[in-house]
1. Report the convex hull volume per residue for the stretch A:24-99, counting only C-alpha atoms, in Å³.
2. What FRET efficiency comes out for A:Ala42 versus B:Ala68 if R0 is 41 angstrom and r is the Cβ-Cβ distance? Round to the nearest 0.05.
3. Mind checking A:86-95 for the average number of partner chain beta-carbons within 10 Å of each residue's beta-carbon?
4. Can you give the calculated 222 nm mean residue ellipticity of chain A, where each DSSP H run of n ≥ 4 adds -39,500 (n - 2.57) and the sum is split over every residue, rounded to the nearest 500 deg cm²/dmol?
5. For the pair B:Lys46 and B:Ser76, what calculated FRET efficiency results from E = 1/(1 + (r/R0)^6), where r is the Cβ-Cβ distance and R0 = 22 Å, to the nearest 0.05?
6. Would you please state which residues of the stretch A:120-147 a label at A:Ala171 would reach in this model, taking the label point 7 Å out along Cα→Cβ and a backbone N cut-off of under 18 Å?
7. Please give the Cα centre distance for the stretch B:110-142 versus the stretch A:138-190, rounded to the nearest Å.
8. List every residue whose amide H lies under 5 Å from the amide H of A:Glu92, counting only residues 5 or more places away in sequence or on a different chain, with H placed 1.01 Å from N in the peptide plane.
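A short reminder: the numbers here are calculations on the coordinates, not readings from a lab. All values derive from a computational prediction rather than experimental measurement. Using ideal geometry, Cβ is built from the backbone for each residue, glycine included, and neighbour counts are taken over all protein chains shown.
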Amino acid sequence: MSIRRFRNTLALTVLLAAAGNAGSQQLSEHQLVNTLGQVAEAASAIDVAMLVQEVASNPGKGVAGLPHWSQLATLPQFFVEINFENNSVAIEPGSYRTLGLIADALHHPLLLRYKFLVVGHTNATGDAKHNLKLSARRAEAIAEALSTTFSVAPNRLFAIGAGSEMPVDAANPKAADNRRVQLLNIGLVK
Amino acid sequence: MAKRLSVLSGTVLIAVLAQTGVGQTQTISYADAATLLAKECGADVKKFCKGLNLGNGRIKNCLEQHQAKVSPACTSTMAGVIASIQLRLAAQASVDKICARDAARACRGVVPGKAHILGCLLKATRIVGAKCSQAITDAGWR
């Protein structure tokens, strides 16, 4: 599972790196729409408040095995790279395009009825509690930019932080690959 | 319209002109709008708006506050990008209405819902008229 998801991350990163080629831009938005357009039965059971509570009560101990967090692995999702200024919620201009790409996908009719969870992840450099707070604020900054600059309805967006509790490269928790943004379809807007 | 086009960067402008028929309203994707903004304003954002985020008009306000020092290309691009996002939003909001008659003719019996109707309209190229077809293109849903 994690290998497959990781491959998705790489694919998108590679496609974005080829910016300027209309074909690959098109493909990556389609990829986002197609991946996030699949509906999982488990989506309606996701409780965002419980996710926040679980991760806050176990800083430094990981979240993958916690009851609510382990459910996330079954949902349609995507990992993207969005870069921030050091220790800040300011998104680097170099990542504006990725935000726009997510906005294109979220405005597509196939995804219009769904709500999405934005999960921020950091690598393990620094204090676990600080990482958790920073990743939550960064996820909120992404949701805010999507809902204001790009007019995605705010009731479709939920933002939480995972800090350094769910590294994609568990053998190297300080690796830069662990800094990423996870985007999940969490079911129909009520 | 001419004003909006004039602020787009050269490459995009050429691409836009290559794709459009005469007199058509052309929209660009949110990704392309964001790319333009980063390209023309990225350096000014890093210089004058450290720690500020894109959301809630913060970058726009910051660049306006520093307008005397911000590059003219950035100032005009910022206005163009905001206009192009609004244009794309309006195009997406207008598809239902513009395509209602074509959908009623071509998509009878299709499961209700925006996505299903769009899928039907995209396939029914013989029935769907030029206006609806253009609306779908302007919405970026092709």
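1. Residue-normalised Cα hull volume stands at 125 Å³.
2. The computed FRET efficiency comes out at 0.15.
3. Working: counts 0, 1, 4, 4, 10, 7, 4, 15, 5, 3.
The mean count of partner-chain Cβ atoms within 10 Å per residue comes to 5.
4. Counting only the DSSP helices, I get -13000 deg cm²/dmol.
5. Rounded to the nearest 0.05, the efficiency is 0.70.
6. In the stretch A:120-147, the label zone of A:Ala171 (backbone N under 18 Å from the point 7 Å along Cα→Cβ) covers A:124.
7. Cα centres, the stretch B:110-142 to the stretch A:138-190: 32 Å.
8. Answer set, sorted by chain and number: A:Asn83, A:Phe84, A:Glu85.
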